[in-house]
Amino acid sequence: MRPPFGRSRTLAIAAVGGTAVLLTAACGSSSGTSNSASAPGVTATTVTIGSTQPLTGPAAPGYSEIAPAANAYFKYVNAHGGVNGRKITYTYLDDQYNPTSTATQTRKLVLQDHVFAMFQALGTPTHLSVVSYLNSEHVPDLFVASGCNCWNNASQYPDTFGWQPNYTIEGKVLGQYIVQNFPSKKIGFFLQGPNDEFGADGLAGVMDSLQGKGLSVDSTPAYYTPTAAGAMAVGAAIAGLQAQGVQVIVSFSVPLFTAVAEASAAGLNYHPQFVVSNVGSDPPTLSAILTGGALGKKLPAGLIAGTISDTYLPVLTASSNPWVTLFQSIKATYAPSLPWDGNVEYGMAEAYTFVQALKAAGQNPTRASMVAAVESSRWTDGPGLTPYAYSSSDHNGYTGVQMVTVGADGTLTTLGPVETTDDTPTGAIVTYSGTASTPPTNGIPSD
Amino acid sequence: MNSLLRRFTFVRHGLFFLGLAVVLLILTSFVFDSYTNYNVTEVAIFAISAAGLTVLTGINGQVSLGHGALMMIGAYTTSVLLTWHPDLPLVLMLIASIVSTGIAGAIVGIAGARLRGPYLAGATLALAVALPQVPSHFASVFGGNQGLSVSPPTPPAFLGTSFAPEQWLAWITLAAAVITFFVLANLVRSATGRRFRMVRDNEVAARLSGIDVARTQVLAFVVSAACAGLAGSLFAYWVTVTSPSGFTLNLSLSLLTAIVIGGLGSLSGAVLGSFIVVYLPVWTGGFASSLNLSSNIANNVPLAIYGVVLIVAILVFPRGVAGGVASIVHGVRRAAGSNRRAGVLPAAPQAPAQ
């Protein structure tokens, strides 16, 4: 229970006093090897970071596993000594994928919980509501769990960093695949929006690749609103695409809405080729939604067979991949109730990147040293299929994806090599020639 | 002095609210930390809107399930104007929102004056459900689901660079709340307030007394909507993003919850109710996360506790918290009185529940 105001004030004073004592103690021992409370949220033994996540609400199916999975990785790191002797405390709050809640919950994390940094805050419309605030407070805003291009804006948002390939990069590669494989089919779009950066950035990327290639494109995308009411309107939107004779539906949608779209199409006896953004295509998540009866009745998981998507992490079902083995074993110990799916892999991989950054920020990290560590990182040894793009002017994370297709049993099969590009309209798409990295033996990034 | 206070409501209220303002100024400046100021701002915003709803529902007897939608009109008035002209002063935005929402309230009120009971509730419910869809359809003006961002008001330079923006917004919002409650407290004790109550209690009697029932109901709607507009404008500054997701049916129901649980028809009840509605989720959220439950359960525990607390509160205090406090005070007084003047005065009759 929350203490009355007077006591919380006293506690605050005590906390400040305590911090001062610790700081003085740290300055007293000039050896430079001891831990100090070097920043808000950092003590000699802990680092507290925060996040806002859709634990309930329309984006919760699948996405609600991401933060618990990341936390499982942090527990694993904490159990093996933490980072520079500090244990990571990860506080993630439910915002229900509602930008208004994101705004209030983020204030709680910054003003009350005094987090050192924000980590993997999820969602484009949601996180856009707080990105100015976090930057005005100089809180490192690391690895937003969204592929919006907007996180890559080092001049306006110097403390914000993306992580996954942004939707335009992803859209360009998806578009190239469509040009190469469906040149004579009519292309249509199913997008979150309108006026949502998620749908808009993806559309822009796909159109960059389709432009001037002579493909037939349905000029009016079908849009959905990510709310319960919006889910009911999806059927009509899909029927509209069917009426236009669309044969390939490019979908930038969260999982629940991908499932509703594919189920609606099947219900209309309409069988277009679905090409879905990575964020909305995780087979275990989709099959759980379909078979679990979330759409009003239990539907067969096989509905999503043949869906084309992409990945920037090792393929989930590649059981011999060392990253998959590592994350699966950590999950088994620290989060046994979670399924093994793309969300869990995502959460752990992002947590791995955070630990890389925290190690690089020095023994006594500050908010500035954390941001500088990411900007000067040039790490190549992460779980991703491509290196990170991070620099002082580029706050994008991964720069490329590999096309995949979903089999009848939900397994993913890769289609072709890893392709990298940038988010400019004319930036060339280049096949990645580097080799995949392997995790360190203890599963924790080395210094 | 005492007789002066007793005779002139305006003076009595003026002194009370001035004292309240001083207390709030001291609390926000010296006692509260930034996060408390941030939450107190939310309570004040809620209280302004709930007070308007109290006038409409508690005092005039018209149910509104659409007050969240009226707040939305206020918030969007401020946000759209600020998107066009970012430098417009806050006071002007507050006034613009009061006016625009007041006009909207007049329109709803004119329709509402023809409706009674569940039909009025249904009509206002439709407003609460339909209005949040508008920004998606006119995305170029209203920013779609993503919404419009609003910069929080920056504290004036003379307060110093370390002055927290949360404290500044708390000052502004609490000042707005104190003024609103001062105006409403006088209104409900005026002839207009008595007309409001008479229309609520017996429309036929009101008509026989020469009261224009429809006009009175529309006026109550305008007053109520103006409060919602002011609250909406402040809400935009508080959240810093105005999107349809902020004005769900939940908001309208929470406002109704606040006035019912606080005490229907009582302005102090609106404040108590707002405090409960804002702080209960904060407390239950903290409680749920301390239980170490599996995430599927823990995520939903705050909602469950919230529901249970509301049910219990209504069972224990059928006249709301303010009504409960009043009957306890009344009971204590009666006990004290019967000790001193045993058998002299008959016990005061219990006020009927509304």
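Values in this text are rule-based calculations from the coordinates and carry no lab data. The structure presented is a predicted model; accordingly, all values stated were derived computationally and were not measured. Cβ: placed from backbone, ideal geometry, glycine included. Neighbour counts: every protein chain shown.
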Shape of the range A:94-167, Cα gyration tensor, a/c cut at 1.5: oblate
When a/c is below 1.5 the answer is rounded, else prolate if a/b is larger than b/c, else oblate, so apply that to the range B:130-209 with a ≥ b ≥ c taken from the square roots of the Cα gyration tensor eigenvalues. oblate
Report the label-to-label distance for B:T83 and A:A428 in nanometres (one decimal), using points 7 Å from each Cα along the Cα→Cβ vector. 4.1 nm
Divide, for the protein assembly as shown, the radius of gyration over alpha carbons by 2.2 N^0.38 Å, where N is the residue count. 1.04
Averaging sequence separations of C-alpha pairs under 8 Å and six or more residues apart, then dividing by the length of the range B:44-172, give the relative contact order as a whole percent. 26 percent
Can you run phi through the Karplus equation (6.51, -1.76, 1.60; θ = phi - 60°) for the range A:376-389 and list ³J(HN,Hα) in whole Hz, with x for Gly and Pro? 9, 5, 6, 6, 10, 9, x, x, x, 7, 10, x, 7, 8
Ratio to report: Rg/Rh of the range A:356-447, with Cα atoms as the point set and Rh obtained by the Kirkwood method; give two decimals. 1.05
With helices defined as uninterrupted DSSP H runs, which ones in chain A have an alpha carbon span along their own long axis of at least 30 Å and mean Kyte-Doolittle hydropathy of at least -0.5? A:5-28
For chain A, which longest stretch is free of loop sites, where a loop site is one of the trypsin sites (Lys or Arg not before Pro) that DSSP puts outside H, G, I, E and B and that has at most 14 other Cβ atoms within 10 Å? A:1-212
Förster radius 51 Å - calculated FRET efficiency between B:A130 and A:N153 (Cβ-Cβ, nearest 0.05): 0.90
Determine the alpha carbon to alpha carbon distance for each of A:K186/A:K298; A:K87/A:K359; A:K172/A:K213 and list only those over 19 Å. A:K186/A:K298
Determine the distance separating the Cα centre of the range B:45-64 from the Cα centre of the range A:345-362; give it in Å without decimals. 50 Å
Shape category assigned to the range A:293-420 from the gyration tensor of Cα positions, a/c cut at 1.5: prolate
Part-to-part distance (alpha-carbon centres) for the range B:78-157 and the range A:154-183, which is given in Å: 36 Å
Placing one identical point scatterer on every Cα of the range A:221-287 and ignoring solvent, what is log10 I(q)/I(0) from the Debye formula at q = 0.18 Å⁻¹? -0.59
Would you kindly work out the equivalent ellipsoid of chain A from its C-alpha gyration tensor and give its semi-axes, the square roots of five times the eigenvalues, largest first in whole Å? 39, 23, 20
FRET efficiency for A:L415 and A:Q328 from the Cβ-Cβ distance with R0 = 25 Å, rounded to 0.05, comes out at 0.55
In Å³ and rounded to a whole number, note down the convex hull volume per residue for the Cα atoms of the range B:2-248. 132 Å³
Chain B, relative contact order [Cα under 8 Å, separation at least 6], %: 29 percent
Need the full-extension length gain, B:V308 to B:A214, defined as separation in residues times 0.36 nm minus the C-alpha distance. One decimal, nm. 30.0 nm
Quick one: what are the phi-derived ³J(HN,Hα) couplings along the range B:63-77, Karplus 6.51/-1.76/1.60 with θ = phi - 60°, whole Hz, x for glycine and proline? 7, 10, 9, x, 6, x, 5, 5, 4, 4, 4, x, 5, 6, 4
With 10 angstrom as the radius, rank B:T154, A:T291 by how many other C-beta atoms surround their C-beta, starting from the fewest. B:T154, A:T291
What is the local net charge at A:Y92, summed over the other residues whose Cβ is closer than 13 Å to its Cβ (Lys, Arg +1; Asp, Glu -1)? -4
Please report, largest first and rounded to whole Å, the three semi-axes of the ellipsoid equivalent to the range A:394-447, where each semi-axis is the square root of five times an eigenvalue of the C-alpha gyration tensor. 23, 22, 11
Ignoring everything except DSSP H segments at least 4 long, calculate the 222 nm mean residue ellipticity for chain B; use -39,500 (n - 2.57) per segment, divide by total residues, nearest 500. -23500 deg cm²/dmol
